[in-house]
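Everything on this sheet refers to the single structure shown next.
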Amino acid sequence: MTQPTPQFVTRRGTQLLLDNQPFVVSGANYWQAMNLGMPSGPSSDRARVLRDLADLSSRGINMIRILAASEASQFGKQPDR
């Protein structure tokens, strides 16, 4: 199997480029990916993450932001937090 060539966004002055062509960011927040992407647990659903990412891509989203932090709880251990 041939591996795809990595692509990197670069800049020229204030312009973003991908493959030397203007690159316009169309982004979305995807906070639930942190919990859905866990290897196990009550909120784990990696198949959903893949479906969601495919759906976002089909709608023109080319950049996502995922919350990747956890909060402490005064109520004891919470595996999804």
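The values are calculated or read from the model by the stated rules, or taken from the named source; none is laboratory data. Only a predicted model underlies this, so the values are computations on that prediction, with no experimental measurement involved. Positions of Cβ are generated from backbone atoms using ideal geometry, with glycine treated the same way; all protein chains shown enter the neighbour counts. Heavy atoms of the whole protein, side chains included, go into the accessibility calculation; ligands, DNA and RNA do not. Shrake-Rupley method; radii C 1.70, N 1.55, O 1.52, S 1.80 Å.
A few notes on this one:
- When Asp52 is tested against the conditions (1) part of a strand (DSSP E or B); (2) at pLDDT 95 or above, the lone failure is (1).
- Any hit, the range 26-36, residues being more than 21 Å from Phe8 (Cα to Cα), open to solvent by less than 70 Å² (accessible area, probe 1.4 Å) and either touching a residue at least 40 places away in the same chain (Cβ under 8 Å) or part of a loop (DSSP other than H, G, I, E, B) (or both): yes
- The range 37-56, subset open to solvent by 50 Å² or more (accessible area, probe 1.4 Å) and among the aliphatic types (A, V, I, L, M), residue nearest to Leu67 (Cα to Cα): Leu53
- Qualifying positions in the range 11-25 - touching a Ser or Thr at 6+ places or on another chain (Cβ under 9 Å) and loosely packed, with under 11 Cβ neighbours inside 10 Å: Asn20
- For the range 10-26, the set of residues classified as among the small types (Gly, Ala, Ser) and either out of contact with any strand residue (DSSP E or B) (no Cβ under 8 Å at 6 or more places or on another chain) or under 11 Å from Ile66 (Cα atoms) (or both) consists of Gly13 only.
- Qualifying residue in the range 1-13 (condition: outside any helix (DSSP H, G or I), at pLDDT 95 or above and among the aliphatic types (A, V, I, L, M)): no
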